[in-house]
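Written out below as structure tokens is the structure these notes cover.
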Amino acid sequence: MFSARTPLQEVLHDDRARAILTRVAPELIASRVLHILHQYPVELVLRTEASLMDRPEVWTEAIREIEALPPAEPPAREPSRIDFPRGDVEDPATPRASASFSVAGPARVGGRVEISLQGPSGGNPFIDVVLDAFVDDGTDQFVVPGFYDGDGIYRVRVLAQRPGTLRFELRSNARSIDGIAGTIAVDDDHDARGLVRPDGFHFRYDNGERYLPIGTTAYAWTHQPEELQDSTVKTLARSPFNKMRMCLFPKSYMYNQNEPERYPFVKTDDGWDPARFDTVYFGQLERRIDELAALGIEADLILFHPYDRWGFSAMSRAEDVRYVRYVVARLAAFPTVWWSLANEWDIVFTKSVPDWDAIAAAIRENDPYGHLTSIHNCRAPFDQSREWITHVSMQRIDVYRTAEDVEVWRQWGKPVVVDECGYEGDLDQGWGNISGEEMTRRFWEGAIRGGYIGHGETYLNPAEDLWWSKGGELVGSSPARIAFLREILEQAPVLEPAPINWDVPRAGTEGEYFLYYFGATRPTFRRFVLDPATAYQVDVIDTWNMTITELPGTFRGRFQIDLPGVPYIAVRMSAATDGAPGRAAP
């Protein structure tokens, strides 16, 4: 089953083999650079581990044990549901629906309507009290889960989706809040865009407006000191980005070793209590999500990740489901939230594919609005045909090919977002030291091939405040060029690949619009062959210097244009509207 030459990553996926490695080399398993070693043979990793270099008998015996392991039995299916209490948690004499409550707005389409109640606070209300709202907005009926927010306060948040009267009735095993009902008048808001939805290979808001994801990543920015978080928001305000990938759990990794002030769970003497949530943490997170929304930025929330020294990635399936249910109950009424089940699901060694399916089921059961949902890979893509996956979230797999594979990843018939194409920076790792030119090239290449590329930045500084991990300030050269691309894409029709031959990608529709991208090649001229029925206005775009040169006249049929002979040139062709005959090559 395993040999001394089996890659470490494959060994770590087996619970028994991982237990052996944890016993003989606990420092290795807890290492913040474990990911760097994944592809190396397990024997080589152990032989070069500092704690074992003078103890060959230890690592030799460990290899022998690992090689002797028989094929693993299929794991027993772990229950994924929490058995919530069924009995009433209050005195039977407590009058039903007697609790005081209030409703806060804005009560308008696209707004988050919040019903707050004063309920029981004894025991552990996070798990002892069940609260749901049955909602009727005149068109749809749906169930919205409520949540405990500390100090005896319970909340139900409803995302108003249409004008009119919204009726609600609460159901709970706490008599004082069970049966509370009411109506809310919801005003129209013609500026409300609603949620982002998949639209073929692309995205649109509920109101039909196109959404072009121009994303960036700052995994642990909300786990940093307030001053650094404020700096991140200010930087985003002057950036081109309209999507932010970010983790709910803190991250333990290179250049990200600081302890956050708060965690999703309440801290105890023994660690963290997965049955009690830190409501202050969630309140701070919600404030940041609202700040992003005010800037037009969608919050792509990563629920789990492998870079974890606290044990959050190793909770039981039932604990995972309870955590997800609480997160969704709190955040589903935020229209700018996306759910990302994992960053690099395939190296969260404590979870199986059925675990991820159970987590996805918990999201769908508790999110009545159907927010975008994805799962992100390290090396092995998840099966993106799953019904619960709304769009493909990919990390580059090949060292060089990234955006070039967008057309392959469109095989699932869903929008493709390459959330991690590499990072502009100067680290020693190949994923963290591409140039600004290469980052910009990947953005253009992905757009032409019918997908969307995500940005990140990893320039090392003395404080180790790297944008990719902690946010703060952007110092790279690609964001300005990405802003230039965004302007061009916003002016263009929806781009679909329109392949012609092997040497240059293009997107567009015959007779309307074409966008060609020459990438790192440097032609000094180019011949084109198009349907002569349409005359085109032609622009030469220098994507690095951010210039657009409009060529005089119009062109049709076979024609040739001069190009500057430098890399990163694009050519834009738009159908002429002035009836000009157009020039053609003889």
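The values are calculated or read from the model by the stated rules, or taken from the named source; none is laboratory data. Here the structure is a predicted model, which means the values were calculated and not measured. When we count neighbours, we look across all protein chains shown, and the Cβ atoms used for this are built from the backbone with ideal geometry, even at glycine. Only protein heavy atoms, including side chains, enter the accessible area calculation; ligands, DNA and RNA are left aside. Shrake-Rupley method; radii C 1.70, N 1.55, O 1.52, S 1.80 Å.
May I ask you to give the percent of accessible area on the range 378-472 that is carbon plus sulfur, with a probe radius of 1.4 Å?
Details: 1470 of 3070 Å².
Roughly 48 percent of what the probe reaches on the range 378-472 is carbon or sulfur.
Calculate, in nm to one decimal, what R167 and V529 gain on full extension: separation in residues at 0.36 nm each, minus their alpha carbon distance. Mind showing how you got there, number by number?
On the way: separation 362, 0.36 × 362 = 130.32 nm, distance 6.09 nm.
Difference between extended and current length: 124.2 nm.
Kindly state, to the nearest 0.05, the FRET efficiency for R558 paired with I397, given R0 = 45 Å and r defined as their beta-carbon distance. Before the final figure, lay out the partial values.
Working: r = 39 Å, r/R0 = 0.88.
For R0 = 45 Å, the calculated efficiency reads 0.70.
Could you please put R364, R441, R108 in sequence from largest to smallest accessible area, using a 1.4 Å probe?
Numbers: R364 130, R441 25, R108 105 Å².
Of R364, R441, R108, the descending order of accessible area is R364, R108, R441.
Would you work out what percent of the accessible area of the range 1-131, with all protein chains in place, is carbon or sulfur (probe 1.4 Å)? Show your work: numbers first, answer last.
Details: 4050 of 7580 Å².
The nonpolar share, carbon plus sulfur, comes to 53 percent.
With charges set only on the Cβ (+1 for Lys and Arg, -1 for Asp and Glu), what does the dipole of the range 331-480 come to about its Cα centre, in debye to the nearest 20?
Numbers: 12 positive and 24 negative charges, 94 e Å.
Around 460 debye, computed over the range 331-480.
Report ³J(HN,Hα) in whole Hz for each residue of the range 368-373, in order, from the Karplus equation J = 6.51 cos²θ - 1.76 cosθ + 1.60 where θ = phi - 60°; Gly and Pro get x.
Per residue, the Karplus-derived 3J(HN,Hα) values read x, 9, x, 4, 4, 9 Hz.
Where does the charge balance sit around Y513 when Lys and Arg score +1, Asp and Glu -1, over other residues with C-beta under 14 Å from its C-beta? Could the numbers behind the result be given before it?
Numbers: positive: R506, R572; negative: E490, E496, E510, E512, D531, D539.
Value of the local net charge: -4.
Can you work out ³J(HN,Hα) from phi for every residue in the range 121-128, in order, using Karplus 6.51 cos²θ - 1.76 cosθ + 1.60 and θ = phi - 60°, giving whole Hz and x for Gly and Pro?
10, x, x, 10, x, 4, 10, 7
Given H placed on each backbone N at 1.01 Å, which residues far from A342 in sequence or on other chains put an amide H within less than 5 Å of it?
For A342, whose amide H was placed from the backbone, the distant partners under 5 Å are L303, F304, H376.
Calculate the length of the line joining the C-alpha centroid of the range 18-79 to that of the range 329-387, in whole Å.
Between the Cα centre of the range 18-79 and that of the range 329-387, the gap is 29 Å.
So how much accessible area does L489 have, in Å² to the nearest 10, using a 1.4 Å probe?
Around 10 Å² of this residue is reachable by solvent.
Length gain on complete extension for the stretch E27 to A483, per 0.36 nm per residue less the alpha carbon to alpha carbon distance? Spell out each step's value before the answer.
Working: separation 456, 0.36 × 456 = 164.16 nm, distance 4.35 nm.
Here the answer is 159.8 nm.
For V418, enumerate residues with amide H under 5 Å from its amide H, sequence gap 5+ or separate chain, H modeled in the peptide plane.
It is M394, Y452, I453, G454, by chain and number.
If contacts are Cα pairs under 8 angstrom and at least 6 residues apart, what is the relative contact order of the chain in percent? If you can, show how the numbers build up before the last one.
Values: 1244 pairs, mean separation 58.1, N = 586.
Computed over the chain, the figure is 10 percent.
Which of the lysines could a cross-linker span from K351 if the Cα-Cα distance has to be under 28 Å and same-chain partners fewer than 8 positions apart are dropped?
Excluding near neighbours in sequence, the set is K243, K251, K267, K414, K470.
Quick one: if you stick a label point 7 Å off each Cα along the C-beta vector at D383 and Q411, how many nm between them?
Using points 7 Å along Cα→Cβ, the separation is 1.4 nm.
Amide H of A535: which non-local residues (sequence gap of 5 or more, or other chain) have their own amide H closer than 5 Å, using H built in the peptide plane?
A576
Quick check for you: with a 1.4 Å probe and neighbouring chains kept, what is the accessible area per residue of the range 476-546, in Å²? Don't jump to the answer; show the numbers that get you there.
Numbers: 3270 Å² over 71 residues.
Roughly 46 Å² per residue, with all protein chains present.
Take V58 and I500, extend 7 Å from each Cα along the Cα→Cβ direction, and tell me the distance between the two endpoints in nm.
Computed distance between label sites V58 and I500 equals 6.4 nm.
Starting from the residue with the highest accessible area, list V89, V158 in decreasing order, probe 1.4 Å.
On the way: V89 60, V158 5 Å².
Reading off the accessible areas and sorting them downward yields V89, V158.
State in Å² the accessible area per residue of the range 369-425; use a 1.4 Å probe, count heavy atoms of protein chains only, and round to the nearest integer.
For the range 369-425, the per-residue accessible area is 32 Å².
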